[in-house]
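The values are calculated or read from the model by the stated rules, or taken from the named source; none is laboratory data. Just so you know, these numbers come straight off a predicted model, no measurement behind them. Cβ placement follows ideal geometry from the backbone for every residue including glycine, while neighbour counts extend to all protein chains displayed.
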Amino acid sequence: MMLRKFKEDGDAEKARQIVVNSDGMEKTRRLIERYSEKAVELASSLPNRNKSTEQLIKLAVAQAERKF
């Protein structure tokens, strides 16, 4: 499916079912949380914290809280 770039009918749905029926969603959630936490940590450590820094933090938190 990936090699043919999901061009055949039903490829995307079949791939989605494979992910849903595996631990792929949970692994993805854990990765999102880990990277979001690291992003918040790094943004918080920037000198001269300002509105841009706050927006970076909000973006990272929003990604961690996103439902999919």
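The set of residues from segment 31-46 being within 16 Å of Lys67 (Cβ to Cβ) and surrounded by 11 or more Cβ atoms within 10 Å (Cβ to Cβ) comprises Ile32, Glu33, Ser36. Among the residues of segment 55-68, the one identified as surrounded by 11 or more Cβ atoms within 10 Å (Cβ to Cβ), at pLDDT below 95 and not hydrophobic (A, V, I, L, M, F, W, C) is Gln63.
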